[in-house]
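The structure appears below as structure tokens.
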Amino acid sequence: MTFTLQELAAISGGELIGDPQLVVSGAASLPEATPGEISFFNNPKYAPLLRATKASAVFVPADFREQIEPAQIQVSDPGKAFQQVVLKLAPPPITFPPGVHPTAVIAPQVQLGARVSIQPYAVIESGCTIGDDTVIGANSYIGHETTIGPGSLIYPQVAIRERTRIGARVIIHSGAVIGADGFGFTIVEGRHQKVEQIGIVQIDDDVEIGANTTIDRARFGRTWIKEGAKIDNLVQIGHNVVVGRHSAIAAQTGIAGSSRVGDYVMMGGKVGVTSHVVIGDRNVIGASTGVSKDLPPDGGMWWGTVAVPLREAKQQLAWIHRLGRLFARVKEIEKKLGM
């Protein structure tokens, strides 16, 4: 699909500076754009990229006054306008027609809703319920007595173990494993003995779970991912963990068993949370942070972890706690010296 700059200006509600009949057939970032494509600029630190771009046109802020070679479309929000154009230029989304592929294995006593699409070699065990308009991708496995709500999208090669409860409009990407046994062992006569994991996983409406993420079933009760939570690729959620509403967890984060994450919490990549920790609502945790204690219920911003030998770590903490007294002594000495 192609658009003239006049059409793009009309779509975005912007003011065009340039040839209204110039045709745009693609969209790209400033350094990657080529002639015939449109880009956007909304941060002064990227001004060198703007001056060097090969794009035919650029969305710029409404107060932009610099003379540049590409045509300009001045808008209040260049990023938003660019996204609108990207969606219009993108190829149509992939859709899956309703029906059960002949290679899929559907056990007796499975309830399929209207317009469900079951892709090649999917396996759905006995007692499952699949809601209207849900897609089960190729080679995915849905364990016994699992419930999946309407409008959900289970991508290829997802494994969902028995008795999992999944809400409406849930997206689970390839390679995810939902409901594997929690990591529970006890030492008996010098050997690890498995503690049976007999709970479930519950995933509420509008949750999205990234590729190769694992969410363990509870030892008892449930591991619970609440409404609207967004979980990135390669995340590990331990048994009996609760993730609050609309929280966002980035890649390679690990949350150990029985920890509770509040609503609207944000975790950067590689965050590590120990077991039985409570993280209050709206806390923001920076990348690679280790969380070993409860975080407050009224939110905050947190960052920092360095692994050192235990004795050294204890010594460093002791030094840090003494810094206040040390600074006071130095100030007193400076005062006596007239400095």
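The values are calculated or read from the model by the stated rules, or taken from the named source; none is laboratory data. In this text, all values refer to a predicted model and were calculated from it rather than measured experimentally. Positions of Cβ are backbone-derived with ideal geometry, glycine not excepted, and every protein chain shown enters the neighbour counts.
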query: Pairs under 6 Å by beta carbon, first residue without any contact (Cβ under 8 Å) to a residue 24 or more places away in the chain and over 18 Å from Asn212 (Cβ atoms) in the range 177-189, partner of a type in the set (S, T, N, Q) and surrounded by 10 or more Cβ atoms within 10 Å (Cβ to Cβ), six or more apart or different chains?
result: Thr186/Gln193
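Being of a type outside the set (A, V, I, L, M) and touching a His at 6+ places or on another chain (Cβ under 9 Å) is the filter; apply it to the range 207-219 and report the residue that is farthest from Leu234 (Cα to Cα). First the steps, then the outcome.
Restricting attention to the range 207-219, the residues satisfying the condition of being of a type outside the set (A, V, I, L, M) are 208, 210, 212-214, 216-217, 219.
Still in the running and touching a His at 6+ places or on another chain (Cβ under 9 Å): 208, 210, 212-213, 216-217, 219.
On the way: Glu208: 13, Gly210: 7, Asn212: 5, Thr213: 4, Asp216: 13, Arg217: 17, Arg219: 22 Å.
So the residue we want is Arg219.
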- line: Scanning the range 97-129 residue by residue, those modelled with pLDDT under 95 and either in contact with a strand residue (DSSP E or B) (Cβ under 6 Å, 6 or more places away or on another chain) or polar (S, T, N, Q) (or both) turn out to be Gln109
- prompt: Across the range 118-135, which residue is surrounded by the most Cβ atoms within 10 Å (Cβ to Cβ) among those that are under 17 Å from Gly167 (Cα atoms) and of a type in the set (S, T, N, Q)?
  reply: Thr134
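If you check Ala313, Ala318, Ala250, which single one turns out to be surrounded by 18 or more Cβ atoms within 10 Å (Cβ to Cβ) and of a type in the set (A, V, I, L, M, F, W, C)? Explain how you work it out, then say what you get.
On the way: Ala313 fails: surrounded by 18 or more Cβ atoms within 10 Å (Cβ to Cβ); Ala318 fails: surrounded by 18 or more Cβ atoms within 10 Å (Cβ to Cβ).
Unique residue meeting the criteria: Ala250.
Tell me, which strands (runs of 3 or more DSSP E) lie completely within the range 168-236 with 1 or more residues that are basic (Lys, Arg), at pLDDT 95 or above and crowded, with 18+ Cβ neighbours inside 10 Å? Don't jump to the end; show me each part of the working.
Values: elements: 177-180, 185-188, 191-194, 200-203, 214-216, 222-225.
In the range 168-236, 222-225 are the strands (runs of 3 or more DSSP E) which contain 1 or more residues that are basic (Lys, Arg), at pLDDT 95 or above and crowded, with 18+ Cβ neighbours inside 10 Å.
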- prompt: Do we find a residue being of a type in the set (Val, Ile, Thr) and either under 30 Å from Arg260 (Cα atoms) or under 23 Å from the mean Cα position of the chain (by Cα) (or both) anywhere in the range 292-306?
  reply: yes
